[in-house]
Amino acid sequence: MKQNGGVLFIKRVYPALFVLMAGCIVQSFHPFYLDKSKVTLAQLDGEWDAVTAWGDKMDGSNVPPWRIAGDQILTPEPAKIHVTFFKAGGQLFCDSIAGDLDGSNKVSWYWAWHARPIHTVTKVETNGDLLTFKPLDLDWLTGLIAAGKVSLPHLTRTEDKDWPLFTAKPADWEKLLTKYANNTDAFPTNHIYVFKRHITTPVK
């Protein structure tokens, strides 16, 4: 997907929003999980700094940290993204959908992108103080659908025929994620996001 100045700004300044709302990832009207698959990850609560965003190193970018608090990601705007962690095929995933704006009267256009409301999904990997998100790849999925290897109901956008809105039910998504949980084409590293736990330097 071609990146214009606005998308580049989001990627570098608000990486959490970009990974959850970018148009190059799969979007669904229904959740990607069944209730029985949900998990609680209290150890992820706190602030996180971006190391890699959409495959690009973020060294020296001075991106403000974002916060995970239970079932929410709190952004600097302020705005909230509701998240649900779940497991499928023995792997950890994150379903996300737009939350509220904390009473703000100003609606950011990139927040409004996500307010259909629609769900997105990323594969999640945790390793100590590192947290990695790998979005489900849209091109890979639409390629399987075009080849007849996968059947998922969806709507075609009039403004962008290559970016469908999926109407598949949670059970259908879990079946897909379980089958392809370890497929590196389904979750490539070219759009990877890596975060490290934010460390506050004591004031002397």
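Listing for the model above:
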quantity: Fewest-first sequence of 193, 180 by Cβ atoms within 10 Å of each Cβ; calculated: 180, 193
quantity: Neighbour net charge for residue 143 - beta-carbon separation under 14 angstrom, K R +1, D E -1; calculated: -3
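Since every read-out is calculated from the coordinates, none of them should be taken as a lab result. Quick caveat: nothing in here was measured; it's all calculated off a predicted structure. Using ideal geometry, Cβ is built from the backbone for each residue, glycine included, and neighbour counts are taken over all protein chains shown.
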